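Input: a single structure, listed below in C-alpha coordinates.
The values are calculated or read from the model by the stated rules, or taken from the named source; none is laboratory data. All values derive from a computational prediction rather than experimental measurement. Every residue, glycine as well, gets a Cβ built from its backbone with ideal geometry; the counts of neighbours run over all protein chains shown. Quick note on the areas: whole protein, heavy atoms, side chains included, nothing else; ligands and nucleic acids left out. Shrake-Rupley method; radii C 1.70, N 1.55, O 1.52, S 1.80 Å.
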Amino acid sequence: MNIILLGPPGAGKGTQAKKISENYSLPHISTGDMLRENISNNTPLGLRAKSYMSRGELVPDELLITIIKDRLSRSDCSRGFLLDGYPRTIPQADALQMILTESGRKLDVVLNIDVDDEELIKRLSGRRMCACGTSYHVIFNPPEKEGICDTCNGKLYQREDDKADAIRNRLVVYKKQTQPLITYYMKKNILRRIDGSKDISAIFEDIKTVLENYD
Ligand code: ADP
Ligand code: ADP
Ligand code: ZN
(Lines give C-alpha, C1' and ligand atoms only; values in the text may rest on other atoms or scores of the structure.)
(Ligands and ions follow the chains in the order given, each with its own letter.)
Protein backbone atom coordinates (compact mmCIF):
# COMPACT_ATOMS: atom_id res chain seq x y z
CA MET A 1 0.00 0.00 0.00
CA ASN A 2 1.20 3.49 -0.89
CA ILE A 3 -0.38 5.94 1.55
CA ILE A 4 -0.28 9.68 2.19
CA LEU A 5 -1.31 11.15 5.54
CA LEU A 6 -2.60 14.65 4.95
CA GLY A 7 -3.75 17.13 7.57
CA PRO A 8 -2.90 20.38 9.31
CA PRO A 9 -0.07 20.68 11.82
CA GLY A 10 -1.12 18.95 15.03
CA ALA A 11 -3.83 16.80 13.43
CA GLY A 12 -2.16 13.62 14.69
CA LYS A 13 -0.36 12.50 11.53
CA GLY A 14 2.80 11.44 13.32
CA THR A 15 0.86 9.69 16.10
CA GLN A 16 -1.25 7.67 13.65
CA ALA A 17 1.69 7.09 11.31
CA LYS A 18 3.57 5.22 14.04
CA LYS A 19 0.61 2.89 14.56
CA ILE A 20 -0.04 2.34 10.84
CA SER A 21 3.62 1.71 10.14
CA GLU A 22 3.84 -0.95 12.89
CA ASN A 23 0.55 -2.61 12.04
CA TYR A 24 1.11 -2.83 8.28
CA SER A 25 4.95 -2.99 8.25
CA LEU A 26 5.28 0.09 6.09
CA PRO A 27 8.22 2.50 6.27
CA HIS A 28 7.09 5.73 7.97
CA ILE A 29 8.51 8.60 5.95
CA SER A 30 8.24 11.85 7.89
CA THR A 31 9.88 14.78 6.12
CA GLY A 32 9.66 16.80 9.35
CA ASP A 33 11.64 14.10 11.24
CA MET A 34 14.16 13.87 8.39
CA LEU A 35 14.70 17.64 8.38
CA ARG A 36 15.02 17.77 12.18
CA GLU A 37 17.61 14.98 12.05
CA ASN A 38 19.60 16.99 9.49
CA ILE A 39 19.42 20.03 11.74
CA SER A 40 20.71 18.16 14.77
CA ASN A 41 23.56 16.69 12.70
CA ASN A 42 24.41 20.14 11.25
CA THR A 43 24.32 18.90 7.68
CA PRO A 44 24.26 21.45 4.80
CA LEU A 45 20.59 20.57 4.25
CA GLY A 46 19.85 21.10 7.95
CA LEU A 47 21.54 24.50 7.85
CA ARG A 48 19.39 25.57 4.90
CA ALA A 49 16.16 24.27 6.41
CA LYS A 50 16.57 25.55 9.97
CA SER A 51 15.43 29.18 9.67
CA TYR A 52 12.35 28.30 7.62
CA MET A 53 11.31 25.67 10.13
CA SER A 54 11.75 27.76 13.26
CA ARG A 55 9.54 30.48 11.72
CA GLY A 56 6.90 27.95 10.73
CA GLU A 57 7.47 28.50 6.99
CA LEU A 58 7.77 25.70 4.46
CA VAL A 59 11.23 24.65 3.33
CA PRO A 60 11.64 25.28 -0.45
CA ASP A 61 10.09 22.66 -2.72
CA GLU A 62 13.32 21.78 -4.60
CA LEU A 63 14.95 20.60 -1.35
CA LEU A 64 11.96 18.49 -0.35
CA ILE A 65 11.59 16.97 -3.80
CA THR A 66 15.24 15.90 -3.79
CA ILE A 67 14.87 14.37 -0.31
CA ILE A 68 11.71 12.45 -1.15
CA LYS A 69 12.97 11.20 -4.50
CA ASP A 70 16.01 9.74 -2.83
CA ARG A 71 14.01 8.22 0.03
CA LEU A 72 11.39 6.58 -2.23
CA SER A 73 14.10 4.96 -4.32
CA ARG A 74 15.32 2.92 -1.33
CA SER A 75 14.47 -0.77 -1.35
CA ASP A 76 12.32 -0.68 1.80
CA CYS A 77 9.71 1.31 -0.16
CA SER A 78 9.23 -1.30 -2.85
CA ARG A 79 6.38 -3.00 -0.96
CA GLY A 80 4.68 0.24 0.08
CA PHE A 81 5.24 3.39 2.08
CA LEU A 82 3.51 5.85 4.36
CA LEU A 83 4.17 9.53 3.73
CA ASP A 84 3.70 11.91 6.69
CA GLY A 85 4.19 15.62 5.99
CA TYR A 86 4.81 15.28 2.25
CA PRO A 87 3.46 16.60 -0.09
CA ARG A 88 2.66 20.03 1.37
CA THR A 89 2.33 22.00 -1.89
CA ILE A 90 0.92 21.34 -5.36
CA PRO A 91 4.41 21.31 -6.97
CA GLN A 92 5.47 18.67 -4.40
CA ALA A 93 2.40 16.58 -5.27
CA ASP A 94 3.15 16.89 -9.00
CA ALA A 95 6.76 15.85 -8.40
CA LEU A 96 5.61 12.84 -6.38
CA GLN A 97 3.33 11.79 -9.19
CA MET A 98 6.28 11.91 -11.62
CA ILE A 99 8.58 9.96 -9.30
CA LEU A 100 5.99 7.22 -8.84
CA THR A 101 5.03 7.01 -12.51
CA GLU A 102 8.69 6.74 -13.53
CA SER A 103 9.12 3.78 -11.21
CA GLY A 104 5.84 2.07 -12.16
CA ARG A 105 4.07 2.82 -8.90
CA LYS A 106 0.97 4.73 -7.87
CA LEU A 107 -0.76 6.12 -4.81
CA ASP A 108 -3.50 4.01 -3.27
CA VAL A 109 -5.06 6.37 -0.77
CA VAL A 110 -4.73 9.80 0.82
CA LEU A 111 -6.04 9.89 4.41
CA ASN A 112 -7.08 13.44 5.24
CA ILE A 113 -7.17 13.89 9.02
CA ASP A 114 -9.63 16.65 9.79
CA VAL A 115 -9.40 18.67 13.05
CA ASP A 116 -10.61 22.21 13.84
CA ASP A 117 -8.20 25.08 14.58
CA GLU A 118 -9.03 25.44 18.27
CA GLU A 119 -8.19 21.78 18.92
CA LEU A 120 -5.02 22.03 16.77
CA ILE A 121 -3.73 24.89 18.90
CA LYS A 122 -4.33 22.87 22.10
CA ARG A 123 -2.57 19.85 20.61
CA LEU A 124 0.44 21.77 19.30
CA SER A 125 0.98 23.89 22.40
CA GLY A 126 1.03 20.80 24.66
CA ARG A 127 3.11 18.62 22.35
CA ARG A 128 6.40 17.21 23.60
CA MET A 129 8.78 15.40 21.25
CA CYS A 130 11.48 12.80 21.51
CA ALA A 131 14.44 12.69 19.14
CA CYS A 132 13.29 9.15 18.20
CA GLY A 133 10.24 10.70 16.49
CA THR A 134 7.63 9.80 19.12
CA SER A 135 5.33 12.64 20.14
CA TYR A 136 3.48 13.05 23.41
CA HIS A 137 1.04 15.54 24.85
CA VAL A 138 1.25 16.89 28.39
CA ILE A 139 -2.49 16.25 28.91
CA PHE A 140 -3.90 14.16 26.04
CA ASN A 141 -1.09 11.63 25.72
CA PRO A 142 1.43 11.92 28.55
CA PRO A 143 4.46 9.62 28.85
CA GLU A 144 4.63 7.23 31.82
CA LYS A 145 7.43 9.24 33.42
CA GLU A 146 7.17 13.00 33.04
CA GLY A 147 9.62 14.36 30.46
CA ILE A 148 10.93 10.90 29.45
CA CYS A 149 10.14 8.90 26.28
CA ASP A 150 8.36 5.56 26.96
CA THR A 151 10.02 3.85 24.00
CA CYS A 152 13.67 4.97 24.19
CA ASN A 153 14.08 6.76 27.55
CA GLY A 154 15.11 9.93 25.66
CA LYS A 155 14.52 13.36 27.16
CA LEU A 156 11.40 15.08 25.79
CA TYR A 157 11.55 18.64 24.46
CA GLN A 158 9.22 21.27 23.07
CA ARG A 159 9.75 22.07 19.40
CA GLU A 160 10.75 25.65 18.61
CA ASP A 161 7.87 25.81 16.10
CA ASP A 162 5.34 24.64 18.72
CA LYS A 163 5.53 28.05 20.43
CA ALA A 164 2.59 30.47 19.96
CA ASP A 165 3.87 32.71 17.12
CA ALA A 166 5.13 29.88 14.95
CA ILE A 167 1.93 27.86 15.56
CA ARG A 168 -0.20 30.72 14.24
CA ASN A 169 2.02 31.07 11.19
CA ARG A 170 1.96 27.34 10.46
CA LEU A 171 -1.84 27.31 10.42
CA VAL A 172 -1.85 30.22 7.94
CA VAL A 173 0.78 28.51 5.78
CA TYR A 174 -1.22 25.27 5.89
CA LYS A 175 -4.40 26.96 4.66
CA LYS A 176 -2.65 28.76 1.86
CA GLN A 177 -0.20 26.16 0.59
CA THR A 178 -1.31 22.71 1.74
CA GLN A 179 -5.12 22.81 1.96
CA PRO A 180 -5.45 22.98 -1.89
CA LEU A 181 -4.14 19.39 -1.91
CA ILE A 182 -7.50 18.23 -0.55
CA THR A 183 -9.22 19.19 -3.82
CA TYR A 184 -6.21 17.98 -5.81
CA TYR A 185 -6.56 14.43 -4.43
CA MET A 186 -10.36 14.54 -4.33
CA LYS A 187 -10.28 15.03 -8.09
CA LYS A 188 -8.11 11.93 -8.40
CA ASN A 189 -10.71 10.03 -6.34
CA ILE A 190 -8.24 8.76 -3.76
CA LEU A 191 -9.00 11.08 -0.82
CA ARG A 192 -10.66 9.64 2.30
CA ARG A 193 -11.67 11.86 5.21
CA ILE A 194 -10.82 10.78 8.75
CA ASP A 195 -12.49 12.49 11.72
CA GLY A 196 -9.43 13.57 13.70
CA SER A 197 -11.38 14.98 16.64
CA LYS A 198 -11.79 11.52 18.22
CA ASP A 199 -9.30 9.96 20.63
CA ILE A 200 -6.11 8.37 19.33
CA SER A 201 -7.29 4.76 19.40
CA ALA A 202 -10.73 5.51 17.88
CA ILE A 203 -9.06 7.31 14.96
CA PHE A 204 -6.76 4.35 14.39
CA GLU A 205 -9.78 2.01 14.26
CA ASP A 206 -11.37 4.25 11.61
CA ILE A 207 -8.14 4.25 9.61
CA LYS A 208 -7.93 0.45 9.73
CA THR A 209 -11.50 0.22 8.43
CA VAL A 210 -10.59 2.42 5.47
CA LEU A 211 -7.36 0.54 4.78
CA GLU A 212 -9.11 -2.85 4.71
CA ASN A 213 -10.20 -1.93 1.19
CA TYR A 214 -6.62 -1.67 -0.04
CA ASP A 215 -4.91 -4.77 1.42
P1 ADP B 1 3.78 19.01 11.79
O2 ADP B 1 3.65 17.51 11.80
O3 ADP B 1 3.61 19.59 13.13
O4 ADP B 1 2.91 19.66 10.76
P5 ADP B 1 6.33 18.47 10.56
O6 ADP B 1 7.19 17.81 11.54
O7 ADP B 1 5.69 17.66 9.51
O8 ADP B 1 5.25 19.34 11.36
O9 ADP B 1 7.12 19.64 9.83
C10 ADP B 1 7.82 20.62 10.56
C11 ADP B 1 8.37 21.67 9.60
O12 ADP B 1 9.27 21.05 8.66
C13 ADP B 1 7.34 22.38 8.72
O14 ADP B 1 6.73 23.47 9.37
C15 ADP B 1 8.21 22.83 7.55
O16 ADP B 1 9.00 23.95 7.90
C17 ADP B 1 9.17 21.65 7.39
N18 ADP B 1 8.65 20.64 6.44
C19 ADP B 1 8.33 19.34 6.70
N20 ADP B 1 7.87 18.74 5.60
C21 ADP B 1 7.87 19.67 4.62
C22 ADP B 1 7.48 19.67 3.25
N23 ADP B 1 6.97 18.58 2.68
N24 ADP B 1 7.64 20.82 2.54
C25 ADP B 1 8.15 21.93 3.10
N26 ADP B 1 8.53 22.01 4.38
C27 ADP B 1 8.39 20.89 5.14
P1 ADP C 1 1.12 16.03 13.49
O2 ADP C 1 2.19 15.03 13.13
O3 ADP C 1 -0.07 15.97 12.58
O4 ADP C 1 1.64 17.44 13.61
P5 ADP C 1 1.13 14.75 16.14
O6 ADP C 1 0.86 13.33 15.86
O7 ADP C 1 2.50 15.15 16.51
O8 ADP C 1 0.55 15.66 14.92
O9 ADP C 1 0.11 15.22 17.29
C10 ADP C 1 0.07 16.56 17.75
C11 ADP C 1 -0.14 16.57 19.27
O12 ADP C 1 -1.47 16.14 19.58
C13 ADP C 1 0.77 15.64 20.04
O14 ADP C 1 1.04 16.25 21.27
C15 ADP C 1 -0.06 14.37 20.21
O16 ADP C 1 0.31 13.65 21.38
C17 ADP C 1 -1.45 14.93 20.35
N18 ADP C 1 -2.49 14.08 19.73
C19 ADP C 1 -2.40 13.30 18.63
N20 ADP C 1 -3.59 12.71 18.35
C21 ADP C 1 -4.47 13.15 19.28
C22 ADP C 1 -5.88 12.91 19.54
N23 ADP C 1 -6.59 12.12 18.74
N24 ADP C 1 -6.44 13.52 20.59
C25 ADP C 1 -5.72 14.35 21.39
N26 ADP C 1 -4.39 14.62 21.22
C27 ADP C 1 -3.77 14.03 20.18
ZN1 ZN D 1 12.03 8.29 22.20
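Please state the relative contact order of the stretch 59-194 as a whole percent: Cα pairs under 8 Å, 6+ residues apart? Working shown, then result.
Numbers: 112 pairs, mean separation 40.0, N = 136.
That works out to 29 percent.
Could you pull out every residue, at least 5 positions away or on a different chain, whose amide H is within less than 5 Å of the one on F81? Hs are placed 1.01 Å off N in the peptide plane, and Pro or chain starts have none.
N2, I3
Does the chain classify as rounded, prolate or oblate by the C-alpha gyration tensor (a ≥ b ≥ c root eigenvalues; a/c under 1.5 gives rounded; else a/b over b/c gives prolate, otherwise oblate)? Please list the in-between numbers first.
Numbers: a/c = 1.36, a/b = 1.18, b/c = 1.16.
Cα axes put the chain in the rounded bin.
Along the Cα→Cβ direction, 7 angstrom out, place labels at K176 and I121. What is the inter-label distance in nm?
Output for this residue pair reads 1.9 nm.
Sorted by packing (mean other beta-carbon atoms within 10 Å per residue), highest first, where do 66-72, 81-87 land? The partial results should precede the final answer.
Working: 66-72: 16.4, 81-87: 23.7.
Those peptides, ordered most packed to least, come out 81-87, 66-72.
Could you compute the FRET efficiency for N213 and S75, with r as their C-beta to C-beta distance and R0 at 41 Å, rounded to 0.05? The partial results should precede the final answer.
On the way: r = 27 Å, r/R0 = 0.65.
Calculated value: 0.95.
Taking only protein heavy atoms into account and a 1.4 Å probe, give the accessible area per residue of the stretch 143-215 in Å². Mind showing how you got there, number by number?
Values: 4760 Å² over 73 residues.
That works out to 65 Å² for each residue.
Can you list the HN-Hα couplings for the stretch 156-164, worked out from phi with the Karplus curve (6.51, -1.76, 1.60; θ = phi - 60°), rounded to whole Hz and with x for Gly and Pro?
Once θ is set to phi - 60°, the couplings for the stretch 156-164 become 7, 9, 9, 5, 3, 7, 9, 8, 3 Hz.
Just to be sure I understand the model, the point goes 7 Å from the Cα along the line to the Cβ. What's the resulting E22 to K106 distance in nm?
3.3 nm
In whole angstrom, note down how far apart the Cα centers of the stretch 13-48 and the stretch 144-171 are.
Taking the Cα centre of each part, the stretch 13-48 and the stretch 144-171 sit 15 Å apart.
Once every DSSP H run of n ≥ 4 in the chain is given -39500 (n - 2.57) and the sum is divided by its residues, what mean residue ellipticity at 222 nm do you get, rounded to the nearest 500 deg cm²/dmol?
Values: 9 runs with 98 residues, N = 215.
Using -39500 (n - 2.57) per qualifying helix, the result is -14000 deg cm²/dmol.
On the accessible surface of the chain, probed at 1.4 Å, how many percent belong to carbon and sulfur atoms?
Working: 5540 of 11220 Å².
With neighbouring chains kept in place, the figure for the chain is 49 percent.
In the chain, what percentage of the DSSP-assigned beta bridges are antiparallel, given to the nearest 5? Before the final figure, lay out the partial values.
Numbers: 6 of 22 bridges.
Looking only at bridges with both residues in the chain, the antiparallel portion is about 25 percent.
So with the 1.4 Å probe, I'd like the accessible area per residue for the stretch 16-118, rounded to whole Å². Show your work: numbers first, answer last.
Numbers: 5100 Å² over 103 residues.
On a per-residue basis, the stretch 16-118 sits at 50 Å².
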